[in-house]
């Protein structure tokens, strides 16, 4: 077999997008994984996204048989990457070739760090990473709930963010996440200026006590930056915000609400499950360790 390997920087063209999507869906059916999300398919076609694909083609069939994806999610020149090979072409070295060319690309971009991602069910992916000196670091799960009418708590008032809420949110983010003031201000700026995003405020007895941001992506409203001041945690404010997101999604034509959370965050998991959210997938993150080589 003859193979060609090429690099394609984001945003990619529509033909490459369709090829990668087809490969992800075919491999996903076999592996029981959602490779579209893992390979950053949506982000790959967006302007100003810092990332690239490494594409492996069967020259005889002119068919895409493997792809590696790397993306600088936070804009800090630290890349998250993953790869997938067509089930019919595994165990013949394509994954290793993609891995090597991917790291050449990271070197060319002077990447300052990397995280390797695999689906929780991918035993082969885990063994592949360990063979190249990567060790498990943490896991992040995606939870989802259907959009539907929810009976909302009357004593908890939820409304859109206004400029007068800024200082209260800075305090909440500091107390909840340990963020510096500058970090909180950057988060507020991002979540209030990004197209499709709405930052929400939860009030209890007229006082700002919680927040979340919803972002529309197709038929999904994604929930991020969910935070409740520690002084009022356990009083149903997080659940009220999550219920609001489901009701809001239904009223605006979306079918699902989704969010990501580290699986070690047991308190958050309990809140999500109480609000009717169920785990749909889990991604395991690996970091390089020279001790493993």
> Quick one: Cα convex hull volume of the chain, Å³ per residue?
Replying inline: 143 Å³
> Any idea what the relative contact order of the chain is, in percent, if you count C-alpha pairs under 8 Å spaced at least 6 apart?
Replying inline: 20 percent
>> Which of 176, 123 has the fewest other C-beta atoms within 10 Å, and how do the rest follow up to the most?
In response: 123, 176
>> Let me see the P(r) profile for the range 144-282: every Cα-Cα distance counted, bins of 5 Å, each bin given as a percent of all pairs.
In response: 2, 10, 21, 24, 22, 15, 5, 0
> With axes computed from alpha carbons, what is the tilt in degrees of helix 166-177 against the longest principal axis of the chain, rounded to the nearest 10 within 0 to 90?
Replying inline: 60 degrees
>> Once you keep just the Cα pairs under 8 angstrom separated by 6 or more residues, what percentage relative contact order results for the range 144-282?
In response: 30 percent
> Dividing the alpha-carbon radius of gyration of the range 237-277 by 2.2 N^0.38 Å (N being the number of residues), what value is obtained?
Replying inline: 1.20
>> If each DSSP helix of 4+ residues adds -39,500 (n - 2.57) and the sum is divided by the residues in the chain, what number results at 222 nm, nearest 500 deg cm²/dmol?
In response: -10000 deg cm²/dmol
>> Stokes-Einstein diffusion coefficient for the range 200-293 at 37 °C in a medium of 0.692 mPa s, Rh from the Kirkwood formula over Cα pairs: what value in µm²/s?
In response: 222 µm²/s
> Given that compact globular proteins tend to follow 2.2 N^0.38 Å, what is the ratio of the alpha-carbon Rg of the range 88-198 to that value?
Replying inline: 1.64
> Among 254, 262, 46, whose mean-square fluctuation peaks in a Gaussian network model of the chain (Cα, cutoff 10 Å)?
Replying inline: 46
> Using alpha carbon centroids, what distance separates the range 13-86 and the range 214-269, in Å?
Replying inline: 28 Å
> Regarding the range 3-132, what are the three Cα extents along the principal axes, ordered largest first, in Å?
Replying inline: 36, 33, 25
>> When only alpha-carbon atoms are used, what values of Rg and Dmax, in angstrom, describe the range 135-197?
In response: 15.8, 48
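Taken together, the values in this text are just the output of simple stated rules run on the coordinates, not laboratory data. Remember, predicted model here, so these are calculated numbers, not experimental data. Counting neighbours? That spans all protein chains shown, and the Cβs are built from the backbone with ideal geometry, glycine included.
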